[in-house]
Structures are given as structure tokens and as C-alpha cells.
Amino acid sequence: MKRRLLVYALALLAASGLAAPARALQPAGAYPSRTVALEKPNADEAKVLQLFLRLRAQANLRTMIWNGSMSAVAREHSEDMAAGGYCDYYSPALGTLDYRLHRAGVSTANARYAVFAANSIDSLEEPLRKNGFAVMEGTDVGIGVISTGMVNRQYYVTLITRLVYSALDSFPTLPLLGKTYRLSGAIAPGLSDLTLVATSPDGKIIELPLPLESNRRFSTTYQFNRGAGLYTVELTASGRLGPMVIDLLHCYAGNGRDYPPPDPADKPVQTPTDMRQAAQLLLQLINRSRAESALPPLRLDERLSAVALAHSQDMRRNNFFAHISPTQGDPAARVARGGIKARRFTENIAINQDLVAAHRSLMDSPGHRKNLLDPEVDGVGIGIALSEPHTLYITEDFLQQFTTYDTAKLAAELLKEINALRATHHLTPLKSSDALRRIADLNSAWMIEHGKPGYDKAKAELDKTRPGNLTSFQMATSQSSDPPTAELLGDQIKKSFQEIGIGIAQTATPEGEKLLYTTVILGAQ
């Protein structure tokens, strides 16, 4: 999941008496920021805060906490808008709000933005109601307001909200290359499956489950040892509506002093107004990123795109942002209702005003990047729903098609794996028996005919033929979409057998699912 960006320009007037050009805040040096923060809102910011909280109270939503670090970034942006006479979340001089939150030591997970230019603070109420920003789920709010002009007063307003799920201990934004740092803190009740997902400058992604203590605290270490540059460190967890990113940190490893300038490539690009064209553009962006990582392109799956679009429309219509819909269920349920069968599905969701910015933010998140650059997926469904004021709800559903296997090759690989495992227990390798393999093949064909695992056919054949000098037999069968492994045999793999027969057959169900039926027969003299 990624964050929402909202821009609303109200009564954009010719700027007069513009403020001096904004001066960038100093880098904080650590998450959470200990140095970059406003002590309190100014008079205009206090009025906007009061309006914002009143609208939330009228909607019976929990109040939000005024956040000094987020407000410092919001004021910096409003100063820059006033100086430049523009109203947009992207600053040509200072970069994106994401970039500046990281610079100020604020995690950008679940951050949402709105900017306004208005001729009075009272006139903000209507656009705040219209764009729904005031009723977004959140815990913290940052507000920056700068006014210009003596006669024709104009107010430049920046709002930043965050849904905060954690309390982090200090972690560097500018770590020393090669040094190990402790990442620790506590997460909110109701969350589980806490995981560290990180991307290093060389593109390597690591995942590390983090156990929670009884007081909801966690602690681990992370080493910046894969070259100088950007390390993206992410914490994910599972909540009531599925998996979510709870913290996203940018750490630039080097000499511990130099914070890089904003990336010019972050400049927004105009998104097509036709959402089918927008989906095609997003597919091009996805495949371009995959090509840069020497991965094959994904094909656009129309049926999966219909499922993705329905979820984007559901999020827009019911004003939520999650993988699990309160009415339509989780991704697996939605795909199943669409009648789509595949070996595996994964999903990304995003909310943004700009399509290119949405893709870049997903690539910035290690967990979402992993889905986008998964070498095993071969298809994608893309659904984009547009809401006012020009906000894109994006769902990307990835699938890995079922594979058509060479079953004789699978049988040979399984025998090799079984004998390698037997060798670790100091047992002699099993010899392939043509007679046992014939019976195993007959049994796997029988399982396909009956649509379930079993060994009735094999028992009947063994009772009838009793191949060779074998006196006892053990069997194992399975039905799966993935190739069988030696685990199929369990403890039987450790017993004193001499011969083996493996029969694997594959079939496709009417729904398109491809299943492997495996029979393994072990014989002892």
C-alpha cells in the first residue's frame, strides 16, 4: 500500500507581496526527528487546525494530534508555494513532500497530503468536505499556513496526515557505511506478523520476521554493508484489513554527513484522463522497471484487470484503503469470484494523483517492489478508478500461471532429492524399478480419473503381480499444483528399502488449474 496525495487549488489569485524564497529545513539525521519540529502552530495554522478537528468531530471521528515535525515540513512547503505563486504538492526547488519528510526524520508510511490556495481560511471548509481529506483515517496532522498580500489576502495551506502505528527508537537517516545499527520500538495493539523488509543500493531485498515482546516491543539490527547509497527500510504488519506498511524509512549510507538533493525524476507527469489508457501506461512503467532488472515483461490479463478495477472502485466508493474490503473480502476471495485460477497471486494498491509518482512510490517500498520484480509472475491485472479532485485509486494484481511440467523429468529430480536425503541418514540409494514405476504410473492415472489422491489401483496391481523378490511395500500419494518433494515420504525415507517407483501425471481442471498427481512406491526384499 502507498500513500494518498491530494491537491486542491481554491481561488488561485495573482500573487502580490510574495514571501521570500523558502529555505530548506536542515536534515534531521534520525528517525524520529529530534531537531526538526515547530514548537506550536502560528495563529493561522491554529485556525486551520481548529477547522480540521471540527470537521472530524462532526463526522464522529477520533481527533488527531498536532505533529511538530510534520508541521515544519508543511510550513516549509507553504512558504515555497507562496514564494513561487503555485499550488501543488511538488516543489520544483525542494522536491516531493515524501522526500522532505524523510529529510526531516519522519516516516512516510500512511502519509497523505493536501495543498490549498484560498482567499480566506473559512473558505477552506467546502473543499475539505468535498475532497474528504478531513475524514481520512489518521492519528497525526501537520499544518503549514503562509499568507501574502495586504489588500487581496491569500493563504497558502499545506496539510499532512499520518496514520501512526509505531513508536520508533532513534534510527539514522545518514548511517555510516558498513556500520550496524539497532532498529527497535513498539507497535500498536491489534497488529501481528511484524516483518522487516529492506532494499539496499544493489537492489537486494531482505525479509526478516520480527518477534514481539509482551509489551509489543521489537528489536533487531541492520547493517549498511551493501555499498553507498539509498537503503529503504520498511516495517510491515497484518491488521484487521490485511497487510500494511507501518513505517518506511530512507537511509543514505556514506560518510554520515551528506543528504542527497531531490531527484529530478520525481517531477509529476500528466496522467491520461482515460483510465484504460492510464492502465496501459502503468503496464509500460511496470515492464520498464522489470526490463531494467533483466526480467521478462508481464502480459495484461483482462479478467484479472476486471477484478483489480472492481477493488479500486470499491475503495473509492466506500472511502477505505486496504487489501481486505469490508464488503468484498480479501484478494483471494475476489479473484475466486472472478473465476480465475493460477498458481499464485499477489497484490499492490496505491492512491496518488500522478501515475508515474504512484509507480515510483511502489518501487520505493521494498515489499511492493518485490511484487513488481517477482521473476516468477507472468501476468498482471491493473484497475484504476478516478475520484475528485483527480485522485487515482490503483490496484495491481499479479499472477503466476500454472506450469506445464515434463513429468518424467520431475520424477527423476524427485528420486535424486530422495537419495540425497537418504545419504544424510547414511542409507544406501534407492534403485529405480521399471515394474514399480509402471504401477506408480497406473495409480497416478487412476487418481486423475477419480480426481483425488489414493492408492487403490496400486494395491490391486501389487497384489496381482508381486514384482521381483520384493516382500513388502510402502506408498505415498499426493495432489498438488507444485512439484512434489521428498517431504512426501515423511519418515518412510529413513527405512531400509531397496527399490522405488515414481509415477507423476498432470491434468488440467475445467477451471484451468493444472494439478500434479504423484505416486511413490517403495519396495523391500
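Points to keep in mind about this one:
- Diffusion coefficient of the stretch 68-131 by Stokes-Einstein, Kirkwood radius over Cα pairs, 4 °C, 1.567 mPa s: 102 µm²/s.
- The stretch 306-325 and the stretch 87-144 have Cα centres spaced 23 Å apart.
- Exposed loop sites were defined as GluC sites (Glu not before Pro) in DSSP loop states (anything but H, G, I, E or B) carrying at most 16 other C-beta atoms within 10 Å; in the chain the longest segment without such a site runs 214-375.
- Student exercise, the stretch 92-199 dipole from Lys, Arg, Asp, Glu Cβ charges, in Debye to nearest 20: 320 debye
- In the context of the full set of protein chains, the stretch 20-95 has a per residue accessible area of 49 Å² (1.4 Å probe).
- Neighbour count of at most 14 Cβ within 10 Å plus DSSP loop: longest trypsin sites (Lys or Arg not before Pro)-free window in the chain: 258-494
- Scaled against 2.2 N^0.38 Å for its residue count N, the alpha carbon radius of gyration of the chain is 1.22.
- For the stretch 270-408, the spread of Cα positions along the three principal axes, ordered from largest to smallest, is 58, 35, 26 Å.
- Per-residue ellipticity at 222 nm from helix content only, as computed over the chain with -39500 (n - 2.57) for each DSSP H run of at least four residues, stands at -9000 deg cm²/dmol.
- Think of a 1.4 Å ball rolled over the protein heavy atoms: the stretch 209-351 then has 50 Å² of accessible area per residue.
- Long-range tail of P(r) for the stretch 133-220 (Cα pairs > 19 Å, %): 62 percent
- Given charges at Cβ of Lys, Arg, Asp, Glu: the stretch 21-73 dipole, positive-most of Phe52, Asn67, Leu25: Phe52
- Using a probe radius of 1.4 angstrom, the carbon and sulfur fraction of the accessible surface of the chain is 51%.
- The translational diffusion coefficient of the stretch 372-525, from Stokes-Einstein at 37 °C and 0.692 mPa s with a Kirkwood hydrodynamic radius over alpha carbon pairs, comes to 186 µm²/s.
- The stretch 225-265 and the stretch 442-490 have Cα centres lying 51 Å from one another.
- Net lengthening on full extension, Thr485/Glu413 (0.36 nm per residue, minus Cα-Cα): 25.0 nm
The values are calculated or read from the model by the stated rules, or taken from the named source; none is laboratory data. This one's a predicted model, so the numbers in the text were calculated from it and none came from an experiment. Positions of Cβ are generated from backbone atoms using ideal geometry, with glycine treated the same way; all protein chains shown enter the neighbour counts. Calculation scope for accessible area: heavy atoms of the full protein, side chains included, ligands and nucleic acids excluded. Shrake-Rupley method; radii C 1.70, N 1.55, O 1.52, S 1.80 Å.
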